[in-house]
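For reference, the structure discussed in these notes is given below.
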Amino acid sequence: MNKLESLKLFQDIQLVSDKYKDWQLKDDKKDVEDNIKLKSLLKFYNDKLDDIKSRAHFVSKQTKDELKNKDSKEIYKILIDFNNFSMQKYDTLKQSEIESTTTKAVMFSTIDELTLINESIRNKEYLTDKHTYFYVYEKIVINAFMTFLALKDMEIDQEIINSLSQSIFSQIQTLAIISM
């Protein structure tokens, strides 16, 4: 655990968590209802974590299968494209107007964490300790996938949900490539 905690990435993720935990709910009925609903959905999807991991691993396997006949230059270009696509989506999503404080905090903290792993991959930090970095990346992406499933059941604009879905699946594909 000391090895994990010593990573700058791990410390940055802790800061993201701290950034959003003190957000206060508005004193209106809708914000309180959204808070209760989102907590319930997150618990529901957390109970289905094995299924979520299985779905993510399926996407990962498909990505690896599609790339097995490509040369290293092509694979590297695809990696960069997936990572850039995700980052563009994260930047756009951070501009989204979300009324619910709880929904906004959960979505923005997820996006911030995904942005951190995206930047870490872009900086090739994983090359220093592939196993440890990949462990962190995978935990964040699986958690983001679970959070996405909960958020899609909230009253959020469909365009926002579609962008979040695309960015998370693209990040899963990025992880598949760096794990090859």
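Solvent-accessible surface of the chain, taken per residue with a 1.4 Å probe and all protein chains present: 57 Å².
Between the Cα long axis of helix 29-46 and the first principal axis of the chain there is an angle of about 40°, rounded to the nearest 10. Given the Cα atoms of segment 37-179, and with Rh set as the inverse mean 1/r over their pairs in the Kirkwood sense, what is Rg to Rh to two decimals? Ratio value, two decimals: 0.97. The relative contact order of the chain comes to 38 percent, based on Cα pairs under 8 Å that sit 6 or more residues apart.
Taking each residue as 0.36 nm, the span from residue 29 to residue 70 lengthens on full extension beyond its C-alpha to C-alpha distance by 9.3 nm. May I ask which of 8/130; 30/53; 21/124; 19/43 have a Cα-Cα span longer than 20 Å here? Those over the limit are 30/53; 21/124; 19/43.
Only DSSP H runs of four or more residues enter the estimate; each adds -39500 (n - 2.57), and after division by the residues of the chain the mean residue ellipticity at 222 nm equals -27000 deg cm²/dmol. For the chain, give the percent of accessible area contributed by carbon and sulfur heavy atoms, probe 1.4 Å, rounded to a whole number. Exposed carbon and sulfur together represent 51 percent of the surface. For segment 94-138, applying the loop criterion from DSSP together with a ceiling of 16 other beta carbons within 10 Å to the GluC sites (Glu not before Pro) yields 97, 99. Each other residue within a Cβ distance under 14 Å of residue 17 adds +1 if Lys or Arg and -1 if Asp or Glu, for a net charge of -3.
FRET efficiency for the pair residue 18 and residue 77, taken as 1/(1 + (r/R0)^6) with r the Cβ-Cβ distance and R0 = 25 Å, rounds to 0.10. With respect to the chain, whose longest principal axis is taken over its alpha-carbon atoms, helix 130-152 is tilted by about 40°. Taking label positions 7 Å along the Cα-Cβ direction at both residue 62 and residue 131, the computed distance is 3.1 nm, reported to one decimal.
The values are calculated or read from the model by the stated rules, or taken from the named source; none is laboratory data. None of these values were measured; they are calculated from a predicted model. Note that each Cβ is placed from the backbone with ideal geometry, even for glycine, and that neighbours are counted across all protein chains shown. Side chains are part of the model used for accessible areas, which takes the heavy atoms of the whole protein and leaves out ligands, DNA and RNA. Shrake-Rupley method; radii C 1.70, N 1.55, O 1.52, S 1.80 Å.
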